[in-house]
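Below is one structure, written out as structure tokens; comments come after it.
The values are calculated or read from the model by the stated rules, or taken from the named source; none is laboratory data. Bear in mind that the values here come from a model prediction, so they are computed numbers and not experimental data. Because the Cβ atoms are built from the backbone with ideal geometry, glycine has one as well, and the counts that use them run over all protein chains shown.
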Amino acid sequence: MTRRPLVAGNWKMNGLSASIGELERIVAGARMLANVDLMVCPPATLLARFAGAARGSHVAIGAQDCHAQPCGAYTGDIAAEMLKDAGASAVIVGHSERRQLHDESDATVRAKALAARRAGLTAIVCVGETRNERDAGRAHEVVGAQLEGSLPDGGHDFIIAYEPVWAIGTGVTPTPDDVRGMHGFVRARLAARFGQMAEAIRILYGGSVKPSNAKELLTVEQVDGALVGGASLKADEFLAIAGVYR
Ligand code: PGA
């Protein structure tokens, strides 16, 4: 089975109205990249404008988080249905910054992934071990438990992003061998749980992906694309990363 690669940009808490030019450059550059899906996940404040600017292109617009409930008394939170209404087609859930800074548990992440499904959004479910966990030889165990607890049953309509926490925003990346080992492990876990359907699930690598290391990281077996933070804020860098699939 061939999975179409996806390069998704996570803008985190960056971007104002003036950033729309960057998205427009991504949309223009995407025309030259027919073999890869592109996605930009701006802050919620920019979703509707970005969705408008990307309409008709193969650049999808995603959100960075959602609440598990469809509506209600949750001041400051945003429901998956609202993200969909604003023009998003996907939502990142369980990013390590949410897990760490907002104490999100696997159960919370799973509830959010289910909310995404309910709203018709593709969930990008993030998993990844810390430096200490890797050094203790527990990386597979930790990621295995996160997959077990964070993925919803009853479908295979999500995307996984393996993001070693120690590689996020640090400029440090795992070796291609380590990435191969982890992605193979995740693929095996998905197969054990979802059977043949697991073949369709894309597994992205994330953590300090840049134009200079994209080829080495993204051509590893079982790597179906990237979730890019810092380097996704600049159209040139983001397109150069996606250009690995030219
Ligand atoms: P980074 O972030 O590319 O800046 O390391 C990746 C992410 O957090 O998704």
Worksheet item: Restricting region 145-177 to residues that are under 19 Å from residue 8 (Cα atoms), crowded, with 21+ Cβ neighbours inside 10 Å and of a type in the set (Gly, Ala, Ser), which is nearest to the chain's Cα centre (by Cα)?
Response: 161
Item to complete: Tell me which residues, restricted to region 65-86, are farther than 15 Å from residue 117 by Cα and touching a residue at least 40 places away in the same chain (Cβ under 8 Å).
Response: 86
Item to complete: Any residue in region 208-224 that's in contact (Cβ under 8 Å) with a residue 12 or more places away in the chain: show its pairings with residues that are among the acidic types (Asp, Glu) at Cβ separation under 6 Å, as long as the two are six or more apart or on different chains.
Response: 211/237
Worksheet item: Is it the case that region 9-17 has a residue that's over 19 Å from residue 163 (Cβ atoms) and surrounded by 15 or more Cβ atoms within 10 Å (Cβ to Cβ)?
Response: yes
Worksheet item: For region 192-207, does any single residue satisfy the condition of being within 21 Å of residue 227 (Cα to Cα), of a type in the set (Asp, Glu), out of contact with any His (no Cβ under 6 Å at 6 or more places or on another chain) and buried (at least 18 other Cβ atoms within 10 Å of the Cβ)?
Response: no
Discussion item. Cβ-Cβ under 8 Å, sequence separation 6+ or interchain: first residue in region 137-161 and acidic (Asp, Glu), partner not in a helix (DSSP H, G or I). Which pairs?
Written reply: 157/122; 157/123
Worksheet item: Which pairs have Cβ atoms under 8 Å, sit 6 or more apart or on different chains, and link a residue in region 166-177 that is of a type in the set (S, T, N, Q) to one that is near the ligand (Cβ under 8 Å from one of its atoms)?
Response: 170/207; 170/208; 173/167; 173/207; 173/208; 173/209
Item to complete: Kindly indicate whether residue 129 is within 16 Å of the ligand (Cβ to nearest atom), in contact with a strand residue (DSSP E or B) (Cβ under 8 Å, 6 or more places away or on another chain) and either more than 19 Å from residue 181 (Cβ to Cβ) or at pLDDT 95 or above (or both).
Response: no
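For region 209-246, name all the residues that are over 16 Å from the mean Cα position of the chain (by Cα) and basic (Lys, Arg).
Restricting attention to region 209-246, the residues satisfying the condition of being over 16 Å from the mean Cα position of the chain (by Cα) are 211-213, 215-216, 219-221, 234-237, 239-240, 243-246.
Within region 209-246, 215, 234, 246 meet the criteria.
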